[in-house]
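The values are calculated or read from the model by the stated rules, or taken from the named source; none is laboratory data. The structure displayed is predicted, hence computed values, not measured ones. All Cβ positions, even for glycine, are placed from backbone atoms using ideal geometry, and neighbour counts span all protein chains on display.
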Amino acid sequence: MNGNRAILDTNALIYLLKGNEEYTSKVAKADWIGISFMTKIEFLSYPEITEMEKEIYLEFEKRITLIGFPVENQQFTKTCIDLRKKYKMKLPDAIIAGTAIYHDAILLTNDSIFIKVTELKSKQD
């Protein structure tokens, strides 16, 4: 993924922080890693998360870009709305996908809902 950007979905973040080799390799190849604020909320509210996992996440967050919801950016908002309508996505998924599209990044995920989203970058170099 040399020269590329990646956004982590919640499940990818969980796999990465648990040491999954596939996601560790993908992240290592990226020049820039980001997560949506929605991913942070989903991860930290995950019912089975331990205090140790929260601490690991907070350390990890210092090394990546945490992306807020740019409410003043009409294009970003429109992208999220369009994704939600077109693919009948849950709002958190639309925001995460919209974040990846807006930031021209590959979405690292294991969630099949994103397979049908043709607007997402799907190729890793």
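Those residues that are among the aliphatic types (A, V, I, L, M) and either at pLDDT 95 or above or surrounded by fewer than 21 Cβ atoms within 10 Å (Cβ to Cβ) (or both), I need them from the stretch 28-59; list them, please.
Step one: list which residues in the stretch 28-59 are among the aliphatic types (A, V, I, L, M), which gives 28, 30, 33, 35, 38, 41, 44, 49, 52, 56, 58.
Selection gives Ala28, Ile33, Ile35, Met38, Ile41, Leu44, Ile49, Met52, Ile56, Leu58.
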Practice prompt. Being touching a residue at least 24 places away in the same chain (Cβ under 8 Å) and among the hydrophobic types (A, V, I, L, M, F, W, C) is the filter here, so list the residues in the stretch 42-75 that pass it.
Written response: Phe43, Ile56, Phe60, Ile64, Leu66, Ile67, Phe69
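Select from the stretch 32-66 the residues that are among the basic types (Lys, Arg), touching a strand residue (DSSP E or B) at 6+ places or on another chain (Cβ under 9 Å) and part of a loop (DSSP other than H, G, I, E, B) and list them in ascending order. Show your work before the answer.
Restricting attention to the stretch 32-66, the residues satisfying the condition of being among the basic types (Lys, Arg) are 40, 54, 62-63.
The next check asks that each one be touching a strand residue (DSSP E or B) at 6+ places or on another chain (Cβ under 9 Å); those that pass are 40, 63.
If the condition is that a residue be among the basic types (Lys, Arg), touching a strand residue (DSSP E or B) at 6+ places or on another chain (Cβ under 9 Å) and part of a loop (DSSP other than H, G, I, E, B), then Arg63 is the only one that fits.
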Item to complete: Output the residues belonging to the stretch 67-125 that are among the polar types (S, T, N, Q), exposed (fewer than 11 other Cβ atoms within 10 Å of the Cβ) and in a loop (DSSP other than H, G, I, E, B).
Response: Thr118
Item to complete: Have a look at Lys121, Lys78 and point out the one that is free of Cβ contacts under 8 Å to residues at least 24 places away in the same chain and under 19 Å from Val27 (Cβ atoms).
Response: Lys121
